[in-house]
1. Tally up the residues in the stretch 146-158 that are modelled with pLDDT of 90 or more and either within 12 Å of His26 (Cα to Cα) or not in a helix (DSSP H, G or I) (or both), please.
2. Residue check, His96 against (1) outside any strand (DSSP E or B); (2) at pLDDT 90 or above; (3) under 19 Å from Asn141 (Cβ atoms), all met but one. Which one?
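The values are calculated or read from the model by the stated rules, or taken from the named source; none is laboratory data. Remember, it's a predicted structure, so these values are computed and weren't measured experimentally. No Cβ is skipped: glycine too gets one built from the backbone with ideal geometry, and neighbour counts run over all protein chains shown.
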Amino acid sequence: MTLEEHTLIHAPVGRCFDLARSVEVHLAGNVHWGEEAIATAGVTSGLMGMGQRVTFRARHFALRHRLTSEITAFDPPAYFQDTMIDGPFRSMQHDHFFRPLPGGQTEMRDLFRFAAPLPVLGRLAEILLRRYMRALLRERNAVVRQIAESDEWQRYLP
């Protein structure tokens, strides 16, 4: 299953790129899911870079889940990819693209690919997960936009 989202942000491309790879910004975008970065693999704060891993723990569908993700491609400030190394999906890969636009704006484009964990029920689960995952992506992107467009970005970036 592939989801694609486009977000227009009134902020420079470098700022948007860095905020999108910030562990703290990710957590700010998922606060009501009780998400936290835990120290089982990799980093728990800061800006993610090539080859770095982070493990998140959160509650979704009334169950606690862990997901370890690694930055598997990195071309600042235009692109990075994170790939699930361990977690509840059969597979998951998230491509983040950033394109500068006139007037200091940035287009942030997400390609999010995932496969449900159960092959037999996978297709049905993917249909149900599509709406849920799209809402999570939109919520995360709204937080990135809100932080990037305000002075709040200074809290997250050096």
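1. So the first thing to find is which residues in the stretch 146-158 are modelled with pLDDT of 90 or more, and the list is 146-157.
Cutting the leftovers down to either within 12 Å of His26 (Cα to Cα) or not in a helix (DSSP H, G or I) (or both) gives us 147, 150, 156-157.
The number of residues fulfilling the criteria is 4.
2. Result: His96 passes all but (1).
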